[in-house]
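S.K.: Quick one: the structure is below, and I'll ask about it shortly.
The values are calculated or read from the model by the stated rules, or taken from the named source; none is laboratory data. Fair warning: this is a prediction, and the values are worked out from it, not measured in the lab. Please note: Cβ atoms are built from the backbone with ideal geometry, for glycine as well, and neighbour counts cover all protein chains shown. Remember, those area values only see protein heavy atoms, side chains included, never the ligands or the DNA or RNA. Shrake-Rupley method; radii C 1.70, N 1.55, O 1.52, S 1.80 Å.
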Amino acid sequence: MFLRSVCWSKADFLLLQVTRQAFVLQRALASCRATPSLQHPACASVNERQYRTMPTHGIGRWRHLLPKEAPKKKKDKLQMKEILAETDTAYGSLNVTVSGYDMTLVEHYSQYIHNLCNRLGIKVADSYILPTKTTEVMLMQEQGTKMFVDAVLKTHERVVQLSSLEAAACPVLLDVLLQNQPEGVELSVSEHTEAHFQARFKGRPELEGLIAQLTY
Amino acid sequence: MTAVGSAGFRHLSSTSVCRVTLQTKSGTEKPSSPWTLMAAVCLQRLPVISADCSPIEQQFRQMMQRMELEKSLLSDHELRLLEDSERISRKQADDYDSDEEENRGDQEIVLAQDLEDSWEQKLQKFQPGLRVNVCVKSSRHSGEGVRARSVPADAPLSCLADADEDLTSLERCLADPLVLVAEQQVGGDKLWLLPQTRWQEGETLRQTAERALASLPAAGLKATFLGNAPCGVYKYKLPKAARTESAVGTKVFFFKAILSDGGAPAAPSASLLWAKKSELQRYLKPAYMMKVERFVLAL
(Lines give C-alpha, C1' and ligand atoms only; values in the text may rest on other atoms or scores of the structure.)
Protein backbone atom coordinates (compact mmCIF):
# COMPACT_ATOMS: atom_id res chain seq x y z
CA MET A 1 0.00 0.00 0.00
CA PHE A 2 2.66 2.39 1.02
CA LEU A 3 4.86 1.87 -2.05
CA ARG A 4 1.99 2.25 -4.38
CA SER A 5 0.91 5.51 -2.85
CA VAL A 6 4.40 6.89 -3.25
CA CYS A 7 4.45 5.95 -6.90
CA TRP A 8 1.16 7.61 -7.43
CA SER A 9 2.13 10.85 -5.87
CA LYS A 10 5.10 11.59 -8.07
CA ALA A 11 3.49 11.16 -11.42
CA ASP A 12 -0.13 11.98 -10.96
CA PHE A 13 0.31 14.78 -8.49
CA LEU A 14 2.06 16.96 -11.02
CA LEU A 15 -0.64 16.21 -13.47
CA LEU A 16 -3.23 17.13 -10.95
CA GLN A 17 -1.47 20.38 -10.20
CA VAL A 18 -1.34 21.36 -13.82
CA THR A 19 -4.94 20.54 -14.40
CA ARG A 20 -6.02 22.43 -11.33
CA GLN A 21 -4.06 25.50 -12.27
CA ALA A 22 -5.49 25.48 -15.75
CA PHE A 23 -8.97 25.18 -14.33
CA VAL A 24 -8.45 28.11 -12.01
CA LEU A 25 -6.95 30.24 -14.71
CA GLN A 26 -9.98 29.61 -16.84
CA ARG A 27 -12.26 30.59 -13.99
CA ALA A 28 -10.24 33.69 -13.29
CA LEU A 29 -10.41 34.77 -16.86
CA ALA A 30 -14.11 34.20 -16.92
CA SER A 31 -14.59 36.35 -13.88
CA CYS A 32 -12.39 39.03 -15.39
CA ARG A 33 -14.40 39.19 -18.52
CA ALA A 34 -17.64 39.41 -16.58
CA THR A 35 -16.43 42.25 -14.39
CA PRO A 36 -14.10 44.49 -16.37
CA SER A 37 -12.70 46.21 -13.23
CA LEU A 38 -9.30 44.94 -12.27
CA GLN A 39 -9.14 43.26 -8.94
CA HIS A 40 -5.99 42.88 -6.96
CA PRO A 41 -5.30 39.18 -6.73
CA ALA A 42 -4.77 39.32 -2.97
CA CYS A 43 -8.14 40.78 -2.09
CA ALA A 44 -10.44 38.97 -4.44
CA SER A 45 -13.86 37.78 -3.40
CA VAL A 46 -14.27 35.62 -0.38
CA ASN A 47 -15.01 32.44 -2.18
CA GLU A 48 -11.96 32.44 -4.39
CA ARG A 49 -8.56 31.63 -3.16
CA GLN A 50 -5.67 33.07 -5.04
CA TYR A 51 -3.05 30.57 -5.99
CA ARG A 52 0.60 31.28 -6.01
CA THR A 53 2.60 28.09 -6.23
CA MET A 54 0.94 25.84 -3.71
CA PRO A 55 -2.72 25.01 -4.03
CA THR A 56 -3.11 25.71 -0.34
CA HIS A 57 -1.95 29.32 -0.62
CA GLY A 58 -4.04 31.60 1.54
CA ILE A 59 -5.71 28.71 3.32
CA GLY A 60 -5.45 30.30 6.74
CA ARG A 61 -6.81 33.74 5.80
CA TRP A 62 -9.37 35.00 8.27
CA ARG A 63 -8.89 38.72 8.65
CA HIS A 64 -10.97 39.41 5.58
CA LEU A 65 -13.88 37.78 7.38
CA LEU A 66 -13.91 40.25 10.25
CA PRO A 67 -16.09 43.38 10.13
CA LYS A 68 -14.30 46.52 9.06
CA GLU A 69 -12.92 48.56 11.97
CA ALA A 70 -12.58 52.31 11.86
CA PRO A 71 -8.94 53.43 12.01
CA LYS A 72 -8.00 53.99 15.67
CA LYS A 73 -7.17 57.56 16.60
CA LYS A 74 -4.11 57.79 18.80
CA LYS A 75 -5.17 60.64 21.07
CA ASP A 76 -8.66 60.30 22.48
CA LYS A 77 -9.79 63.22 24.55
CA LEU A 78 -11.23 62.00 27.82
CA GLN A 79 -14.95 62.22 27.31
CA MET A 80 -17.15 62.73 30.27
CA LYS A 81 -19.48 59.84 30.89
CA GLU A 82 -23.07 60.89 31.15
CA ILE A 83 -24.15 61.88 34.60
CA LEU A 84 -27.38 60.07 35.35
CA ALA A 85 -30.02 61.85 37.31
CA GLU A 86 -31.88 60.45 40.30
CA THR A 87 -35.01 58.50 39.76
CA ASP A 88 -37.52 57.32 42.29
CA THR A 89 -35.89 53.99 42.91
CA ALA A 90 -32.26 54.56 42.07
CA TYR A 91 -29.58 57.03 42.92
CA GLY A 92 -27.79 58.89 40.14
CA SER A 93 -24.07 58.77 39.43
CA LEU A 94 -22.26 58.26 42.71
CA ASN A 95 -18.58 58.63 43.51
CA VAL A 96 -17.10 56.27 46.07
CA THR A 97 -13.80 57.83 47.13
CA VAL A 98 -11.19 55.89 49.07
CA SER A 99 -8.30 57.89 50.48
CA GLY A 100 -5.49 57.22 52.89
CA TYR A 101 -1.77 57.30 53.54
CA ASP A 102 -1.00 53.64 52.88
CA MET A 103 -1.14 52.98 49.16
CA THR A 104 -1.44 49.20 49.33
CA LEU A 105 -4.46 49.40 51.65
CA VAL A 106 -6.13 52.10 49.58
CA GLU A 107 -5.60 50.27 46.30
CA HIS A 108 -6.67 46.90 47.61
CA TYR A 109 -9.78 48.38 49.19
CA SER A 110 -10.77 50.18 45.98
CA GLN A 111 -10.22 46.97 44.01
CA TYR A 112 -12.38 45.15 46.55
CA ILE A 113 -15.17 47.71 46.09
CA HIS A 114 -14.97 47.40 42.31
CA ASN A 115 -15.13 43.61 42.42
CA LEU A 116 -17.96 43.66 44.95
CA CYS A 117 -20.03 45.94 42.73
CA ASN A 118 -19.40 43.66 39.76
CA ARG A 119 -20.57 40.69 41.74
CA LEU A 120 -23.66 42.41 43.10
CA GLY A 121 -24.67 43.59 39.66
CA ILE A 122 -24.12 47.28 40.36
CA LYS A 123 -22.90 49.01 37.25
CA VAL A 124 -19.53 50.67 37.59
CA ALA A 125 -19.18 53.54 35.16
CA ASP A 126 -15.59 54.52 35.79
CA SER A 127 -12.76 54.01 38.20
CA TYR A 128 -9.95 56.54 38.25
CA ILE A 129 -7.15 57.86 40.42
CA LEU A 130 -6.78 61.40 41.62
CA PRO A 131 -3.22 62.78 41.89
CA THR A 132 -1.46 62.14 45.20
CA LYS A 133 -1.10 65.02 47.61
CA THR A 134 2.14 65.31 49.55
CA THR A 135 1.97 66.67 53.08
CA GLU A 136 5.07 67.69 54.96
CA VAL A 137 4.81 67.39 58.71
CA MET A 138 6.97 70.08 60.26
CA LEU A 139 7.84 70.07 63.91
CA MET A 140 9.05 72.95 65.95
CA GLN A 141 12.58 72.52 67.18
CA GLU A 142 12.96 72.16 70.92
CA GLN A 143 15.60 74.85 71.22
CA GLY A 144 14.91 77.64 68.80
CA THR A 145 12.15 78.85 66.59
CA LYS A 146 13.00 77.05 63.37
CA MET A 147 10.73 74.35 62.05
CA PHE A 148 12.25 71.26 60.61
CA VAL A 149 10.75 68.59 58.43
CA ASP A 150 9.76 65.59 60.48
CA ALA A 151 7.90 63.43 58.01
CA VAL A 152 6.55 63.43 54.49
CA LEU A 153 3.08 61.92 54.11
CA LYS A 154 1.45 61.13 50.81
CA THR A 155 -2.34 60.96 50.54
CA HIS A 156 -3.59 58.62 47.83
CA GLU A 157 -7.10 58.75 46.43
CA ARG A 158 -9.02 56.26 44.38
CA VAL A 159 -12.50 56.86 42.98
CA VAL A 160 -15.01 54.27 41.86
CA GLN A 161 -17.92 55.79 39.97
CA LEU A 162 -21.20 53.91 40.09
CA SER A 163 -23.71 54.64 37.38
CA SER A 164 -26.97 53.63 39.03
CA LEU A 165 -27.39 52.28 42.51
CA GLU A 166 -30.76 50.78 43.37
CA ALA A 167 -32.23 52.10 46.59
CA ALA A 168 -32.76 48.59 47.88
CA ALA A 169 -29.14 47.64 47.28
CA CYS A 170 -27.74 50.80 48.85
CA PRO A 171 -27.92 49.83 52.57
CA VAL A 172 -26.54 46.37 51.81
CA LEU A 173 -23.58 47.71 49.87
CA LEU A 174 -22.80 50.43 52.39
CA ASP A 175 -22.99 48.03 55.31
CA VAL A 176 -20.57 45.62 53.67
CA LEU A 177 -18.18 48.41 52.72
CA LEU A 178 -18.18 49.92 56.20
CA GLN A 179 -17.66 46.58 57.92
CA ASN A 180 -14.74 45.73 55.67
CA GLN A 181 -13.11 49.12 55.82
CA PRO A 182 -9.45 48.74 56.76
CA GLU A 183 -7.79 50.89 59.38
CA GLY A 184 -6.31 54.13 58.19
CA VAL A 185 -8.52 54.37 55.14
CA GLU A 186 -11.30 56.92 54.63
CA LEU A 187 -14.41 56.12 52.69
CA SER A 188 -16.71 58.76 51.27
CA VAL A 189 -19.76 58.48 49.04
CA SER A 190 -20.92 61.58 47.19
CA GLU A 191 -22.79 62.59 44.09
CA HIS A 192 -20.83 62.96 40.92
CA THR A 193 -20.98 66.41 39.40
CA GLU A 194 -19.36 68.15 36.49
CA ALA A 195 -17.05 69.93 38.93
CA HIS A 196 -15.65 66.57 39.99
CA PHE A 197 -14.87 65.74 36.39
CA GLN A 198 -13.25 69.07 35.63
CA ALA A 199 -11.11 68.87 38.75
CA ARG A 200 -9.22 65.96 37.26
CA PHE A 201 -7.66 68.11 34.56
CA LYS A 202 -4.64 70.33 34.94
CA GLY A 203 -5.04 73.96 34.07
CA ARG A 204 -3.25 75.21 30.96
CA PRO A 205 -2.28 78.80 31.62
CA GLU A 206 -0.53 79.32 28.25
CA LEU A 207 -3.58 78.15 26.35
CA GLU A 208 -5.83 80.39 28.38
CA GLY A 209 -3.44 83.29 27.79
CA LEU A 210 -3.50 82.72 24.03
CA ILE A 211 -7.29 82.44 23.99
CA ALA A 212 -7.53 85.67 25.95
CA GLN A 213 -5.20 87.31 23.41
CA LEU A 214 -7.30 86.07 20.52
CA THR A 215 -10.51 87.36 21.98
CA TYR A 216 -8.92 90.63 23.09
CA MET B 1 -26.23 61.24 50.87
CA THR B 2 -22.70 61.98 51.89
CA ALA B 3 -21.10 59.71 54.43
CA VAL B 4 -17.54 59.81 55.61
CA GLY B 5 -16.19 57.01 57.73
CA SER B 6 -12.71 57.24 59.17
CA ALA B 7 -10.63 55.12 61.44
CA GLY B 8 -10.94 55.51 65.15
CA PHE B 9 -14.43 55.74 66.50
CA ARG B 10 -16.26 55.89 63.23
CA HIS B 11 -17.31 59.46 62.61
CA LEU B 12 -20.10 59.45 60.11
CA SER B 13 -21.50 62.62 58.71
CA SER B 14 -24.35 62.56 56.31
CA THR B 15 -26.38 65.18 54.57
CA SER B 16 -29.65 64.18 53.04
CA VAL B 17 -29.83 65.42 49.52
CA CYS B 18 -33.52 65.36 48.81
CA ARG B 19 -35.99 63.76 51.07
CA VAL B 20 -39.09 62.81 49.21
CA THR B 21 -41.90 63.67 51.57
CA LEU B 22 -44.81 61.34 51.58
CA GLN B 23 -47.68 62.98 49.76
CA THR B 24 -50.95 61.95 51.28
CA LYS B 25 -53.65 61.80 48.71
CA SER B 26 -56.64 63.71 49.88
CA GLY B 27 -60.05 62.35 49.16
CA THR B 28 -59.10 58.82 48.08
CA GLU B 29 -59.44 56.25 50.77
CA LYS B 30 -56.82 53.58 50.94
CA PRO B 31 -58.13 50.17 51.84
CA SER B 32 -57.06 49.68 55.41
CA SER B 33 -55.08 46.51 55.69
CA PRO B 34 -55.59 44.21 58.65
CA TRP B 35 -51.87 44.30 59.41
CA THR B 36 -50.41 46.76 61.89
CA LEU B 37 -47.21 48.17 60.51
CA MET B 38 -44.17 48.76 62.66
CA ALA B 39 -40.67 49.86 61.89
CA ALA B 40 -37.60 48.70 63.78
CA VAL B 41 -34.06 49.94 63.72
CA CYS B 42 -31.06 47.68 63.55
CA LEU B 43 -28.46 49.94 65.10
CA GLN B 44 -24.94 48.68 64.61
CA ARG B 45 -21.69 49.72 66.15
CA LEU B 46 -19.03 48.91 63.62
CA PRO B 47 -15.79 47.23 64.71
CA VAL B 48 -13.18 49.70 65.87
CA ILE B 49 -10.08 47.59 65.32
CA SER B 50 -9.36 44.86 62.86
CA ALA B 51 -9.90 41.30 63.95
CA ASP B 52 -7.05 39.08 65.04
CA CYS B 53 -5.62 36.85 62.34
CA SER B 54 -6.19 33.12 62.45
CA PRO B 55 -3.05 30.92 62.68
CA ILE B 56 -2.99 30.30 58.92
CA GLU B 57 -3.36 34.01 58.26
CA GLN B 58 -0.50 34.77 60.63
CA GLN B 59 1.77 32.23 59.00
CA PHE B 60 0.92 33.54 55.55
CA ARG B 61 1.51 37.10 56.64
CA GLN B 62 4.93 36.23 58.03
CA MET B 63 5.85 34.39 54.86
CA MET B 64 4.76 37.27 52.64
CA GLN B 65 6.72 39.74 54.77
CA ARG B 66 9.85 37.62 54.50
CA MET B 67 9.42 37.27 50.73
CA GLU B 68 8.87 40.97 50.27
CA LEU B 69 11.90 41.79 52.40
CA GLU B 70 14.10 39.47 50.39
CA LYS B 71 12.92 40.82 47.06
CA SER B 72 13.02 44.48 48.03
CA LEU B 73 15.67 47.04 47.17
CA LEU B 74 17.51 49.23 49.66
CA SER B 75 15.70 52.41 50.67
CA ASP B 76 17.22 55.91 50.81
CA HIS B 77 17.78 55.68 54.53
CA GLU B 78 19.59 52.36 54.29
CA LEU B 79 21.78 53.65 51.46
CA ARG B 80 22.66 56.61 53.60
CA LEU B 81 23.61 54.32 56.47
CA LEU B 82 25.94 52.39 54.19
CA GLU B 83 27.56 55.55 52.84
CA ASP B 84 28.11 56.91 56.33
CA SER B 85 29.73 53.73 57.57
CA GLU B 86 31.96 53.72 54.47
CA ARG B 87 32.96 57.31 55.07
CA ILE B 88 33.81 56.60 58.69
CA SER B 89 35.96 53.63 57.73
CA ARG B 90 37.74 55.78 55.13
CA LYS B 91 38.35 58.49 57.70
CA GLN B 92 39.93 56.03 60.07
CA ALA B 93 42.26 54.67 57.41
CA ASP B 94 45.84 55.87 57.50
CA ASP B 95 45.97 57.52 54.11
CA TYR B 96 43.00 59.78 54.59
CA ASP B 97 42.86 62.96 52.60
CA SER B 98 39.97 65.15 53.59
CA ASP B 99 40.29 67.29 50.45
CA GLU B 100 39.29 64.35 48.28
CA GLU B 101 36.07 63.96 50.17
CA GLU B 102 32.99 65.51 48.64
CA ASN B 103 31.41 68.05 50.83
CA ARG B 104 28.25 66.58 52.20
CA GLY B 105 27.28 69.31 54.61
CA ASP B 106 24.43 68.17 56.82
CA GLN B 107 25.11 64.53 56.42
CA GLU B 108 28.43 64.73 58.17
CA ILE B 109 26.98 66.45 61.19
CA VAL B 110 23.88 64.35 61.64
CA LEU B 111 24.66 60.78 60.81
CA ALA B 112 21.90 58.49 59.69
CA GLN B 113 22.63 56.26 62.66
CA ASP B 114 21.87 59.15 65.02
CA LEU B 115 18.56 59.71 63.32
CA GLU B 116 17.74 56.06 63.72
CA ASP B 117 18.59 56.17 67.41
CA SER B 118 16.37 59.19 67.99
CA TRP B 119 13.51 57.42 66.19
CA GLU B 120 14.03 54.34 68.34
CA GLN B 121 13.72 56.48 71.43
CA LYS B 122 10.47 57.96 70.20
CA LEU B 123 9.13 54.49 69.53
CA GLN B 124 9.93 53.41 73.08
CA LYS B 125 7.90 56.30 74.41
CA PHE B 126 4.88 55.43 72.29
CA GLN B 127 2.33 53.20 73.96
CA PRO B 128 -0.33 51.72 71.77
CA GLY B 129 -3.88 51.44 73.10
CA LEU B 130 -5.17 48.21 74.49
CA ARG B 131 -6.94 45.89 72.11
CA VAL B 132 -9.34 44.79 74.80
CA ASN B 133 -10.74 47.47 76.99
CA VAL B 134 -10.53 46.75 80.64
CA CYS B 135 -13.32 47.87 82.89
CA VAL B 136 -12.25 48.55 86.45
CA LYS B 137 -15.23 47.50 88.50
CA SER B 138 -14.28 49.04 91.79
CA SER B 139 -11.82 51.84 91.99
CA ARG B 140 -9.56 52.49 94.92
CA HIS B 141 -10.19 56.21 94.77
CA SER B 142 -13.93 56.56 94.60
CA GLY B 143 -16.92 54.39 95.17
CA GLU B 144 -18.22 54.50 91.63
CA GLY B 145 -17.03 52.28 88.83
CA VAL B 146 -14.40 53.90 86.67
CA ARG B 147 -13.83 52.89 83.10
CA ALA B 148 -10.18 53.31 82.23
CA ARG B 149 -8.40 52.89 78.93
CA SER B 150 -5.03 51.98 80.32
CA VAL B 151 -4.72 49.92 83.44
CA PRO B 152 -2.70 51.42 86.31
CA ALA B 153 0.22 49.19 87.06
CA ASP B 154 -0.58 48.57 90.69
CA ALA B 155 -4.29 47.87 90.45
CA PRO B 156 -5.22 44.65 92.18
CA LEU B 157 -6.17 42.05 89.63
CA SER B 158 -9.22 40.86 91.50
CA CYS B 159 -11.22 43.95 90.77
CA LEU B 160 -10.49 44.07 87.05
CA ALA B 161 -13.13 42.71 84.78
CA ASP B 162 -12.93 42.22 81.08
CA ALA B 163 -15.07 44.80 79.38
CA ASP B 164 -16.01 42.20 76.83
CA GLU B 165 -18.39 40.61 79.25
CA ASP B 166 -20.23 43.75 80.16
CA LEU B 167 -23.06 43.50 77.68
CA THR B 168 -24.27 47.01 78.19
CA SER B 169 -20.93 48.61 77.52
CA LEU B 170 -20.35 50.14 74.12
CA GLU B 171 -16.66 49.43 74.26
CA ARG B 172 -16.86 45.68 74.34
CA CYS B 173 -15.55 43.44 71.58
CA LEU B 174 -13.83 46.12 69.56
CA ALA B 175 -13.16 43.71 66.71
CA ASP B 176 -16.78 42.67 66.08
CA PRO B 177 -19.85 44.58 65.00
CA LEU B 178 -22.47 44.92 67.71
CA VAL B 179 -26.23 45.25 67.41
CA LEU B 180 -28.46 47.11 69.83
CA VAL B 181 -31.16 44.95 71.41
CA ALA B 182 -33.83 46.36 73.66
CA GLU B 183 -36.40 44.83 75.93
CA GLN B 184 -39.76 46.22 75.02
CA GLN B 185 -43.35 45.64 75.95
CA VAL B 186 -45.15 43.92 73.11
CA GLY B 187 -48.81 43.08 73.66
CA GLY B 188 -48.50 42.14 77.28
CA ASP B 189 -45.11 40.40 77.30
CA LYS B 190 -41.69 41.88 77.73
CA LEU B 191 -39.62 40.64 74.84
CA TRP B 192 -36.08 41.17 73.69
CA LEU B 193 -36.10 42.57 70.21
CA LEU B 194 -34.68 45.29 68.02
CA PRO B 195 -36.13 48.64 69.04
CA GLN B 196 -39.42 49.14 67.21
CA THR B 197 -42.38 51.40 67.21
CA ARG B 198 -45.71 51.66 65.44
CA TRP B 199 -46.11 53.37 62.11
CA GLN B 200 -48.32 56.43 61.96
CA GLU B 201 -50.14 57.91 59.02
CA GLY B 202 -48.28 60.49 57.04
CA GLU B 203 -44.73 59.51 57.77
CA THR B 204 -42.32 57.29 55.92
CA LEU B 205 -41.22 54.03 57.47
CA ARG B 206 -37.73 55.41 57.86
CA GLN B 207 -39.05 58.27 59.96
CA THR B 208 -40.84 55.71 62.09
CA ALA B 209 -37.56 53.89 62.60
CA GLU B 210 -35.88 57.14 63.59
CA ARG B 211 -38.62 57.72 66.09
CA ALA B 212 -38.07 54.24 67.47
CA LEU B 213 -34.44 55.07 68.04
CA ALA B 214 -35.23 58.38 69.67
CA SER B 215 -37.78 56.87 72.01
CA LEU B 216 -35.23 54.61 73.65
CA PRO B 217 -34.23 55.55 77.18
CA ALA B 218 -30.57 55.83 76.16
CA ALA B 219 -29.78 59.41 75.38
CA GLY B 220 -27.27 60.71 72.88
CA LEU B 221 -27.31 57.82 70.44
CA LYS B 222 -26.68 59.47 67.11
CA ALA B 223 -27.12 57.25 64.14
CA THR B 224 -26.87 57.49 60.38
CA PHE B 225 -29.47 55.56 58.47
CA LEU B 226 -28.21 53.73 55.41
CA GLY B 227 -30.79 54.43 52.77
CA ASN B 228 -34.55 54.65 52.71
CA ALA B 229 -35.24 51.04 51.86
CA PRO B 230 -35.82 48.45 54.60
CA CYS B 231 -33.45 45.53 54.81
CA GLY B 232 -35.76 42.94 56.28
CA VAL B 233 -39.32 42.06 57.19
CA TYR B 234 -40.82 40.05 60.01
CA LYS B 235 -44.43 38.97 59.87
CA TYR B 236 -46.21 38.02 63.04
CA LYS B 237 -49.67 36.55 62.98
CA LEU B 238 -51.67 36.81 66.16
CA PRO B 239 -52.90 33.53 67.62
CA LYS B 240 -56.28 32.55 66.23
CA ALA B 241 -58.08 33.46 69.39
CA ALA B 242 -56.93 37.06 69.26
CA ARG B 243 -57.44 37.61 65.57
CA THR B 244 -60.16 39.96 64.49
CA GLU B 245 -61.26 41.47 61.20
CA SER B 246 -58.97 44.43 61.43
CA ALA B 247 -56.04 42.94 63.28
CA VAL B 248 -54.53 39.86 61.79
CA GLY B 249 -51.01 40.50 62.89
CA THR B 250 -48.05 42.84 62.63
CA LYS B 251 -45.45 43.38 60.01
CA VAL B 252 -42.15 44.75 61.21
CA PHE B 253 -39.81 46.43 58.73
CA PHE B 254 -36.16 46.67 59.71
CA PHE B 255 -33.93 49.58 58.84
CA LYS B 256 -30.18 49.58 59.17
CA ALA B 257 -28.34 52.36 60.90
CA ILE B 258 -24.75 52.93 61.88
CA LEU B 259 -23.86 54.42 65.23
CA SER B 260 -22.01 57.65 64.65
CA ASP B 261 -21.64 58.93 68.16
CA GLY B 262 -22.16 57.07 71.37
CA GLY B 263 -22.64 60.18 73.41
CA ALA B 264 -21.94 60.32 77.10
CA PRO B 265 -21.72 56.86 78.67
CA ALA B 266 -25.19 56.55 80.08
CA ALA B 267 -25.98 54.58 83.19
CA PRO B 268 -26.22 50.96 82.18
CA SER B 269 -29.91 50.25 81.97
CA ALA B 270 -31.09 46.71 82.11
CA SER B 271 -33.19 46.96 79.01
CA LEU B 272 -30.48 47.81 76.45
CA LEU B 273 -27.81 45.48 75.23
CA TRP B 274 -25.04 45.49 72.69
CA ALA B 275 -24.81 41.97 71.37
CA LYS B 276 -22.69 40.20 68.79
CA LYS B 277 -24.44 38.13 66.15
CA SER B 278 -23.61 34.89 67.95
CA GLU B 279 -25.13 36.23 71.16
CA LEU B 280 -28.34 37.41 69.55
CA GLN B 281 -29.67 33.89 69.68
CA ARG B 282 -29.80 34.00 73.44
CA TYR B 283 -32.14 36.95 73.48
CA LEU B 284 -34.33 36.86 70.40
CA LYS B 285 -37.17 34.47 69.74
CA PRO B 286 -36.32 31.74 67.17
CA ALA B 287 -38.73 32.81 64.42
CA TYR B 288 -37.71 36.44 64.86
CA MET B 289 -34.06 35.48 64.94
CA MET B 290 -34.38 33.62 61.64
CA LYS B 291 -35.48 36.81 59.88
CA VAL B 292 -33.04 39.05 61.66
CA GLU B 293 -29.94 36.99 61.08
CA ARG B 294 -30.49 37.23 57.33
CA PHE B 295 -29.51 40.87 57.26
CA VAL B 296 -27.23 41.25 60.24
CA LEU B 297 -23.78 40.87 58.73
CA ALA B 298 -20.93 39.63 60.85
CA LEU B 299 -18.04 39.64 58.44
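S.K.: Put +1 on the Cβ of every Lys and Arg and -1 on every Asp and Glu Cβ in segment A:95-216; which of A:Ile129, A:Thr215, A:Cys117 then has its Cα farthest towards the positive end of the dipole?
M.R.: Result: A:Thr215, furthest along the dipole toward the positive end.
S.K.: Which one, B:Pro230, B:Thr244, B:Leu205, projects farthest toward the positive side of the charge dipole computed for segment B:169-266 from Cβ point charges (K/R +1, D/E -1)?
M.R.: Projecting each Cα onto the dipole axis, the largest value belongs to B:Thr244.
S.K.: Pairs of alpha-carbon atoms within less than 8 angstrom and 6+ residues apart define the contacts here; what relative contact order does segment A:75-216 have, in percent?
M.R.: It rounds to 35 percent for segment A:75-216.
S.K.: A further question on this structure: Which residues in segment A:105-147 have a backbone N closer than 16 Å to a point placed 7 Å from the Cα of B:Phe60 along the Cα-to-Cβ line?
M.R.: In segment A:105-147, the label zone of B:Phe60 (backbone N under 16 Å from the point 7 Å along Cα→Cβ) covers A:108-109, A:112.
S.K.: Next question, about the same structure. Once the other residues with Cβ under 12 Å from the Cβ of A:Leu105 are scored (Lys, Arg +1; Asp, Glu -1), what is the net sum?
M.R.: Taking every Cβ under 12 Å from that of A:Leu105, the sum is -3.
S.K.: Turning to a different aspect of this structure: Counting only other chains, what is the mean number of Cβ atoms within 10 angstrom of the Cβ of each residue in peptide B:226-235?
M.R.: 4
S.K.: Here is a further query. Mind grabbing the base-10 log of I(q)/I(0) for segment A:83-201 at q = 0.12, 0.17 Å⁻¹? Debye formula, identical points on the C-alpha positions, no solvent, two decimal places.
M.R.: -0.51, -0.85
S.K.: Using the Karplus curve 6.51 cos²θ - 1.76 cosθ + 1.60 with θ = phi - 60°, what ³J(HN,Hα) values do you get for each residue of segment B:235-252, in whole Hz, with x for Gly and Pro?
M.R.: Ordered by residue, 3J(HN,Hα) equals 10, 10, 9, 5, x, 3, 5, 8, 6, 10, 4, 9, 9, 8, x, 10, 10, 10 Hz.
S.K.: In Å² (nearest 100), what accessible area is buried between B and A, both sides summed, heavy protein atoms only, 1.4 Å probe?
M.R.: Buried area (both sides, nearest 100 Å²): 2000 Å².
S.K.: Note down the accessible area of A:Thr89, probe 1.4 Å, to the nearest 10 Å².
M.R.: 90
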